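K.L.:
Let me begin by handing over the structure; questions about it come next.
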Amino acid sequence: EIARESEPIMGGHMCRDAPGSWCNQASAIGLSGPVTSAEVDRLIDYYVSAGIEPRVELCPFADESLVHGLRDHGFTLRQFENVLYLPLQEPAALVHLPQTLPEGVTIEVVNRDDEDQVETFIRASSAGFFPEGEPIPEHFYDSMRRVVHHPRSMSYLALLEGQPVGGGGAEVADIDGRLTACLFGVSVLPHARRRGIQQALIATRVRDAKDRDARIACIGSKPGIPTERNAARLGFRVAYTKAVLALAGDGLTPSP
């Protein structure tokens, strides 16, 4: 829904945006049964025709035919990502959440109709994903604007002594009749880290998700980084580990 283009394939979707965008990936594929070699060919052509490196998120519950098909077409492993979850309806679901914000920290829900606040949020929440001093690509700005303005999305801006230092997003969606919250895109500027701000952003979004009657909250993280450690401290548990695979090729732009 955020990518400029997408097509259903193999029970999931392949999404496409500007070369280098994080939207350029296929997700939730192979979960509905066997897939064919022709479907893998179609996925590859979809990205290669736009000069984009084909990239797939592979869930461990996907049909083995997808695993074999990606292998046979030359896909290689790029990274792992853990998906963590917190059952919000359990009595002790919120017991590990901090009860107060760190000293000097406030968290605001972004008003998507306030373009100045939207721009501030994008800068504060995005800068942590890029080396300090490196400009944020325009395609990243564009996709983040679409995230903020999406009707299911809520964006949270963290301020330290009134200055923007980070942020994160969340959505609550009905998945098979169960309201599920997804927490995503959290980042804190380097000079404001180690103050508990990321934990505060996770906790605030979890509480809001529970207030919106979500039954489960989930968050994705590379193994071993602060996001995973902070989520675990707040009671999140690993649901599964997915593999990210890609097919390299001359002239094809990879995605982050």
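The values are calculated or read from the model by the stated rules, or taken from the named source; none is laboratory data. What you are looking at is a predicted structure, and each value in this text was computed from that prediction instead of being measured. FYI the Cβ positions are ideal-geometry reconstructions off the backbone, even for glycines, and counts take in every protein chain you see. All accessible areas refer to the heavy atoms of the entire protein, side chains included, with ligands and DNA or RNA removed. Shrake-Rupley method; radii C 1.70, N 1.55, O 1.52, S 1.80 Å.
K.L.:
Among the residues of the stretch 189-198 satisfying the criterion of being farther than 10 Å from THR227 by Cβ and either in a helix (DSSP H, G or I) or of a type outside the set (Gly, Ala, Ser) (or both), which is most open to solvent (accessible area, probe 1.4 Å)?
P.N.:
Out of the qualifying residues, it is ARG194.
K.L.:
Tell me, please, whether a residue that is surrounded by 21 or more Cβ atoms within 10 Å (Cβ to Cβ), of a type outside the set (Lys, Arg) and within 19 Å of GLU119 (Cβ to Cβ) can be found in the stretch 218-230.
P.N.:
Looking through the stretch 218-230, none of the residues is surrounded by 21 or more Cβ atoms within 10 Å (Cβ to Cβ), of a type outside the set (Lys, Arg) and within 19 Å of GLU119 (Cβ to Cβ).
K.L.:
Can you find even one residue in the stretch 74-94 that is closer than 24 Å to GLY185 by Cα, out of contact with any strand residue (DSSP E or B) (no Cβ under 7 Å at 6 or more places or on another chain) and of a type in the set (A, V, I, L, M, F, W, C)?
P.N.:
Yes, the conditions are met somewhere in the stretch 74-94.
K.L.:
If PHE140 satisfies all but one of (1) at pLDDT 95 or above; (2) open to solvent by less than 80 Å² (accessible area, probe 1.4 Å), what's the number of the condition it fails?
P.N.:
(1) is the only condition that PHE140 fails.
K.L.:
Right, SER21: out of contact with any Pro (no Cβ under 7 Å at 6 or more places or on another chain), among the polar types (S, T, N, Q) and open to solvent by 20 Å² or more (accessible area, probe 1.4 Å) or not? Before the answer, list the steps.
P.N.:
Details: out of contact with any Pro (no Cβ under 7 Å at 6 or more places or on another chain): yes; among the polar types (S, T, N, Q): yes; open to solvent by 20 Å² or more (accessible area, probe 1.4 Å): no.
No.
K.L.:
Count, please, the residues in the stretch 11-62 that happen to be among the small types (Gly, Ala, Ser) and free of Cβ contacts under 8 Å to residues at least 12 places away in the same chain.
P.N.:
Going through the stretch 11-62, the residues among the small types (Gly, Ala, Ser) turn out to be 11-12, 18, 20-21, 26-28, 30, 32-33, 37-38, 49-51, 62.
Remaining after also requiring free of Cβ contacts under 8 Å to residues at least 12 places away in the same chain: 38, 49.
Here the count works out to 2.
K.L.:
Give the stretch 120-136 a look and list any residue that's crowded, with 17+ Cβ neighbours inside 10 Å, small (Gly, Ala, Ser) and either out of contact with any Phe, Trp or Tyr (no Cβ under 8 Å at 6 or more places or on another chain) or free of Cβ contacts under 8 Å to residues at least 12 places away in the same chain (or both), or say none.
P.N.:
Within the stretch 120-136, the first condition is being crowded, with 17+ Cβ neighbours inside 10 Å, and the residues that meet it are 120-122, 124-128.
The next check asks that each one be small (Gly, Ala, Ser); those that pass are 124-128.
Selection gives ALA124, SER125, ALA127, GLY128.
K.L.:
Still on this model: Restricting attention to the stretch 212-256, which residues are under 23 Å from CYS23 (Cβ atoms), of a type in the set (Val, Ile, Thr), under 17 Å from the mean Cα position of the chain (by Cα) and part of a strand (DSSP E or B)?
P.N.:
Across the stretch 212-256, the qualifying residues are ILE219, THR241, VAL244.
Each row is one residue, and each column tells you yes or no for (1) of a type in the set (S, T, N, Q); (2) closer than 26 Å to ARG205 by Cβ; (3) in contact with a helix residue (DSSP H, G or I) (Cβ under 8 Å, 6 or more places away or on another chain).
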{"residue": "VAL40", "(1), (2), (3)": "no, no, yes"}
{"residue": "VAL48", "(1), (2), (3)": "no, no, no"}
{"residue": "PRO54", "(1), (2), (3)": "no, no, yes"}
{"residue": "ALA93", "(1), (2), (3)": "no, yes, yes"}
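K.L.:
Taking GLU119, is it among the acidic types (Asp, Glu) and farther than 30 Å from PRO164 by Cα? So that I can check it myself, show each step before the final result.
P.N.:
Numbers: among the acidic types (Asp, Glu): yes; farther than 30 Å from PRO164 by Cα: no.
No: the conditions fail for GLU119.
K.L.:
When residues of the stretch 98-119 are filtered for being open to solvent by 40 Å² or more (accessible area, probe 1.4 Å) and part of a helix (DSSP H, G or I), how many remain?
P.N.:
Selection size over the stretch 98-119: 3.
K.L.:
Is it true that some residue in the stretch 168-184 is part of a helix (DSSP H, G or I) and open to solvent by 30 Å² or more (accessible area, probe 1.4 Å)? First the steps, then the outcome.
P.N.:
If we filter the stretch 168-184 for residues that are part of a helix (DSSP H, G or I), which is where we start, we get none.
Looking through the stretch 168-184, none of the residues is part of a helix (DSSP H, G or I) and open to solvent by 30 Å² or more (accessible area, probe 1.4 Å).
K.L.:
Next question. Go through the stretch 123-154 and report how many residues are of a type outside the set (A, V, I, L, M), farther than 18 Å from TRP22 by Cα and part of a strand (DSSP E or B). If you could, list the steps in order and put the result at the bottom.
P.N.:
Taking the stretch 123-154 first, the residues of a type outside the set (A, V, I, L, M) are 123, 125-126, 128-135, 137-143, 145-146, 149-153.
Subset that is farther than 18 Å from TRP22 by Cα: 132-133, 151-152.
Checking the rest, the ones that are also part of a strand (DSSP E or B) come to none.
So the answer is 0.
K.L.:
I've got another one for you. Taking the stretch 1-12 as the search range and keeping residues that are over 14 Å from ALA62 (Cβ atoms) and of a type outside the set (A, V, I, L, M, F, W, C), which one is surrounded by the fewest Cβ atoms within 10 Å (Cβ to Cβ)? Walk me through how you get there before you give the answer.
P.N.:
At the first step, the residues of the stretch 1-12 found to be over 14 Å from ALA62 (Cβ atoms) are 1-8.
With of a type outside the set (A, V, I, L, M, F, W, C) added as a condition, the list becomes 1, 4-8.
Details: GLU1: 13, ARG4: 14, GLU5: 12, SER6: 18, GLU7: 12, PRO8: 10.
Ranking the candidates gives PRO8 first.
K.L.:
Something else about it: Does at least one position in the stretch 127-148 carry a residue that is within 26 Å of ARG4 (Cα to Cα), touching a Leu at 6+ places or on another chain (Cβ under 8 Å) and of a type in the set (S, T, N, Q)?
P.N.:
So far as the stretch 127-148 goes, no, none of its residues is within 26 Å of ARG4 (Cα to Cα), touching a Leu at 6+ places or on another chain (Cβ under 8 Å) and of a type in the set (S, T, N, Q).
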